[in-house]
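Let me begin by presenting the structure, written as structure tokens, before commenting on it.
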Amino acid sequence: VSTQSTGEKVMSEVVPPKTHEEKCVGPDSELAGKASSCEGCENQTICASRPRTGPDPDVGQIEERMNNIKHKILVLSGKGGVGKSTFSSQLTFALADLDKDVGILDIDICGPSIPKILGLEKPEDIVRMSSSGWEPVYARENLAVMSVGFLLNNPDEAVIWRGPKKNGLIKQFLKDVLWEEMDYLIIDTPPGTSDEHLSITQYLKTTKVDGAVIITTPQEVSLIDVRKEINFCQKVGLPIIGVVENMSGFVCPKCKTETKIFAPTTGGARKMCQDLNLNFLGSIPLDPVIARSCDEGKSYITQQPNSPASKAYNDIIQKIISCCEKK
């Protein structure tokens, strides 16, 4: 019987422990079947005899690629529709405007919007592959972009992939893309705490990630899921740079009256950060021009430099830069 088939047989015999699940180190752990918490568990013998796959040999190549990049930031949120990709793109544009060499990696495999938001929809905006690796698409001379959106024949084509295929592509984005020497790599993620998030944190674990910027909107229905994302970061050992409250009120351009479109019924992101001892980076108000800028692939901050939202963006971005560059 081959090792692989033996492994499959063993895996099929593992049943959820009845009394040790809270302390279980997991069947994939090096301590599986050996830890003190395994004593008395009905799965102890099975877990101890499972074949171990060993470290991923591609991690070394990922480390080598990532050594070219000074700062790596993940943009996360447990909730969809809160403006992660919008914030990622505006952060990237702003860093590029500050003469930083920047890259943005879109790992939202099923909903890649970064090519659109950065204005990269021309026929020549394609990934070129050479013997050295994949060449990213450049929005500017100092702004490199990689997304599954560049690999689709049709922008309306659905990506219907299970976890292993998503994970494989994320690994290729890190290992095979020719990321040159950069000041910042911004990683735009999908909502949730699932395959893509586990993969990116696992692959980058030894590459000195600066941390995560977590995006939310003010209402409790968003904060519920954002707290899960915060808990995810704590469990995987990912530092949290801070939290941004997006869509935080709307200021009428005529009468200047501010309206809370999404009411912070439980105190919003500021109160959550106080409760969880996290850094509150700031609030960004709603502005219809932000959406239009994204549709047109332009920098909102450049188009509307004196708007309340641009001032909020600039203040938040300076805090992020300060946090990263003081390390």
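The values are calculated or read from the model by the stated rules, or taken from the named source; none is laboratory data. Since the structure is predicted, the reported quantities are computational estimates derived from the model, not experimental observations. So basically every Cβ, Gly included, is an ideal-geometry build from the backbone, and we count neighbours across all protein chains shown. What goes into the accessible areas is simple: the full protein's heavy atoms, side chains included, and nothing from ligands, DNA or RNA. Shrake-Rupley method; radii C 1.70, N 1.55, O 1.52, S 1.80 Å.
Given the convex hull of the Cα atoms of the range 149-258, what is a quarter of its surface area in nm²?
Mean projected area of the Cα convex hull: 10.5 nm².
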- Query: So how exposed is residue 272, as accessible area in Å² (1.4 Å probe, rounded to 10)?
  - Reply: 10
- Gain on full stretching of the segment that runs from residue 30 to residue 251 - 0.36 nm per residue minus C-alpha separation: 74.1 nm
- Task: From largest accessible area down, sort 175, 79; use a 1.4 Å probe on the protein chains.
- Result: 79, 175
- Query: Arranged from highest to lowest average of other beta-carbon atoms within 10 Å per residue, in what order do the peptides 104-111, 203-210 appear?
  - Reply: 104-111, 203-210
- Query: What does the charge dipole of the range 127-203 about its Cα centre add up to, to the nearest 20 debye, if the Cβ of each Lys and Arg holds +1 and the Cβ of each Asp and Glu holds -1?
  - Reply: 340
- Using a 1.4 Å probe, what is the accessible area per residue for the chain, in Å²? 51
- Once you have the Cα-Cα distance between residue 220 and residue 135, take 0.36 nm times their residue separation minus that, and quote the gain in nm to one decimal. 26.4 nm
- State the answer as a single residue: which of 73, 253, 322 lies farthest towards the positive end of the charge dipole of the chain, with beta carbon charges of +1 for Lys and Arg and -1 for Asp and Glu, about the Cα centre. 253
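Can you compute the charge dipole magnitude of the chain about its Cα centre, using +1 on each Lys and Arg Cβ and -1 on each Asp and Glu Cβ, nothing else charged? Give it in debye, rounded to the nearest 20.
Charge dipole, the chain, about its Cα centre: 740 debye, nearest 20.
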- Item | Cα pair distances of the range 201-315 binned at 10 Å [whole percent] | 13, 38, 32, 15, 2, 0
- Message: Taking 25 Å as R0, compute the FRET efficiency from the Cβ-Cβ separation of residue 202 and residue 228 and round it to 0.05.
- Response: 0.85
- Item | Cut-off under 5 Å, modelled amide H: who pairs with residue 248 long-range | 284, 286
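With a 1.4 Å probe and all protein chains left in place, how much of the accessible area of the chain comes from carbon and sulfur atoms, in whole percent?
Numbers: 8420 of 16620 Å².
Whole-percent figure for carbon plus sulfur exposure: 51.
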- Query: Which sequence of 197, 71 reflects their accessible areas, 1.4 Å probe, from the largest down?
  - Reply: 71, 197
- Query: Among 260-270, 91-101, how do they line up from the highest to the lowest mean number of other beta-carbon atoms within 10 Å?
  - Reply: 91-101, 260-270
- Note on the structure: If every Lys and Arg gets +1 and every Asp and Glu gets -1 at its Cβ, then about the Cα centre the range 81-127 yields a dipole, in debye to the nearest 20, of 180
- Give the accessible area for residue 140 in Å² (nearest 10); use a 1.4 Å probe, count only protein heavy atoms, and leave out ligands, DNA and RNA. 80
- Message: Below 14 angstrom from the Cβ of residue 219, what's the summed charge of the other residues (Lys, Arg +1; Asp, Glu -1)?
- Response: +2
- Message: If I model the chain as equal point scatterers sitting on the Cα atoms and use the Debye formula, what is log10 I(q)/I(0) at q = 0.07 Å⁻¹?
- Response: -0.33
- Query: Cβ under 12 Å from residue 235's Cβ, residue 235 left aside: what net charge do those residues give with Lys, Arg +1 and Asp, Glu -1?
  - Reply: 0
- Note on the structure: Mean separation of Cα contacts under 8 Å (at least 6 apart) over the residue count of the chain, i.e. the relative contact order in percent, is 19
- Message: Can you list residues from other chains, or at least 5 along the same chain, whose modelled amide H is less than 5 Å from the amide H of residue 182?
- Response: 69, 70
